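Report on the following structure.
The values are calculated or read from the model by the stated rules, or taken from the named source; none is laboratory data. None of the values given here were measured: they were computed from a predicted structure. Positions of Cβ are generated from backbone atoms using ideal geometry, with glycine treated the same way; all protein chains shown enter the neighbour counts.
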Amino acid sequence: MKPTILLTGKTGQLGSELNRLLPKLGEVVAPDRNELDLREPAKLREIVRNAKPQLVVNAAAYTAVDAAETDEATASAVNAEAPRLLALEAKRIGALLVHFSTDYVFDGSKRSPYLETDDPNPINSYGRTKLAGEDAIRDSGAAHLIFRTSWVYATHGRNFPLTILRLVTEREELKIVDDQVGAPTCAFDLAQATTAILTGIIAKSKSEFIPSDVSGIYHMTAAGQTTWYEFAKAILEETRRAPRNLPWLTSATKSRPLIARCVLPISTDEFRSPTHRPAYSVLSNARLMQVFGVTLPDWRTQLQGCFSPQAIATNPPAVLSSGQNPTPSSSR
């Protein structure tokens, strides 16, 4: 029998991709924001108890990194308290909880890819609330898979590439931080990898849907590493050679010409962000491969996939706005 899957955050970057793929595995119950506010514990419990899922996939999160510095209470409600309640409900009904966390649980002092066994030490409110969510899930005793990822983007939503594509139609010069290192990860590839892992778990499940032998934290990011500056340059390179009829690209640029003549690297100190971000937050994906046999493509390959002709048919239109990743500006 195929499982019932409860999906939160179905309109987000990752949630929308999962909402397209998870129906292959079972019946998906995916309440929208009007039906489920993660800041309302009673409603959250009601949704879970009515759905009676065997699998809970939490793709919802408070990802506004800068805003979390002045509104940590809301960030905590969504990133820590809601996952805690989901985990307790999952434990009660014997469901598996899949949750997504972040590279920002680390302080960035390391200079080699972080392992799941490395001690977290978040340096901003967003990272603290996400770590609190991880701890709450682990302490609940529920069967769980926590996937830490990084620098997530898509052809819709709020993210760095869409911000870059807007700015290159408005400014002749961009200044982008070049001393923060990470792995930009496409939401589509994240959703594919997650679905592949769950497919394997479901295939092996018998009477009970509790894979206690694989419960834990896993890093799931694009292979390779880059800086925001190099990422921005790659976005412009792909834009210049992309098909002219990509709907999401047309929406992102509002069909305006690119007027940016140069992209300049600057330091984090020059950017003067209100939020401290890790200087290095590359994650090792070795455990993901060892346990599940799953790897994600290199970050540049993922980016190229967004600009491919196939993206014309598969990618939804963009919704423009600034996002969770450092937002470039005239001072960046």
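Could you list, in sequence order, the residues of the stretch 1-25 that are of a type in the set (S, T, N, Q), buried (at least 23 other Cβ atoms within 10 Å of the Cβ) and part of a strand (DSSP E or B)?
Narrowing the stretch 1-25 to residues of a type in the set (S, T, N, Q): 4, 8, 11, 13, 16, 19.
With buried (at least 23 other Cβ atoms within 10 Å of the Cβ) added as a condition, the list becomes 8, 13.
Selection gives T8 alone.
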If the requirement is being among the charged types (D, E, K, R), under 29 Å from D66 (Cα atoms) and modelled with pLDDT of 50 or more, which of these qualifies: R287, R277? R277
In the stretch 146-156, which residues are farther than 15 Å from F106 by Cβ, crowded, with 24+ Cβ neighbours inside 10 Å and more than 8 Å from the chain's Cα centre (by Cα)? A154, T155
Of the conditions (1) within 26 Å of Q180 (Cβ to Cβ); (2) touching a helix residue (DSSP H, G or I) at 6+ places or on another chain (Cβ under 9 Å); (3) buried (at least 18 other Cβ atoms within 10 Å of the Cβ), T295 clears all except one; give me its number. (3)
What pairs come out if I take residues in the stretch 260-276 that are in a helix (DSSP H, G or I) and pair them with residues that are of a type in the set (S, T, N, Q) and crowded, with 16+ Cβ neighbours inside 10 Å whose C-beta lies under 7 Å away, six or more apart or interchain? T268/Q180
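Wholly within the stretch 62-166, which helices (runs of 4 or more DSSP H) include no fewer than the required count, namely at least 1 residues that are farther than 29 Å from G224 by Cβ and acidic (D, E)?
On the way: elements: 65-68, 72-76, 82-93, 125-140.
Answer list for the stretch 62-166: 72-76, 82-93, 125-140.
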Would you check if there is a residue in the stretch 217-229 being surrounded by fewer than 23 Cβ atoms within 10 Å (Cβ to Cβ) and out of contact with any helix residue (DSSP H, G or I) (no Cβ under 9 Å at 6 or more places or on another chain)? yes
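Within the stretch 74-81, is there a residue that is at negative phi and touching a strand residue (DSSP E or B) at 6+ places or on another chain (Cβ under 8 Å)?
Residues of the stretch 74-81 at negative phi: 74-81.
Applying the additional criterion that residues be touching a strand residue (DSSP E or B) at 6+ places or on another chain (Cβ under 8 Å) yields none.
No, the stretch 74-81 has no match at all.
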Flagged pairs (Cβ under 8 angstrom, 6 or more apart or on separate chains; first in the stretch 26-47, surrounded by fewer than 13 Cβ atoms within 10 Å (Cβ to Cβ) and assigned to a loop (DSSP other than H, G, I, E, B); second of a type in the set (S, T, Y) and at pLDDT 90 or above) are D32/T11
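Answer yes or no: is there a residue in the stretch 82-90 that is surrounded by fewer than 17 Cβ atoms within 10 Å (Cβ to Cβ) and not charged (D, E, K, R).
Restricting attention to the stretch 82-90, the residues satisfying the condition of being surrounded by fewer than 17 Cβ atoms within 10 Å (Cβ to Cβ) are none.
Taking every residue of the stretch 82-90 in turn, none turns out to be surrounded by fewer than 17 Cβ atoms within 10 Å (Cβ to Cβ) and not charged (D, E, K, R).
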Restricting the search to the stretch 177-207, which residues are assigned to a strand (DSSP E or B), of a type in the set (V, I, T) and surrounded by 24 or more Cβ atoms within 10 Å (Cβ to Cβ)? T185
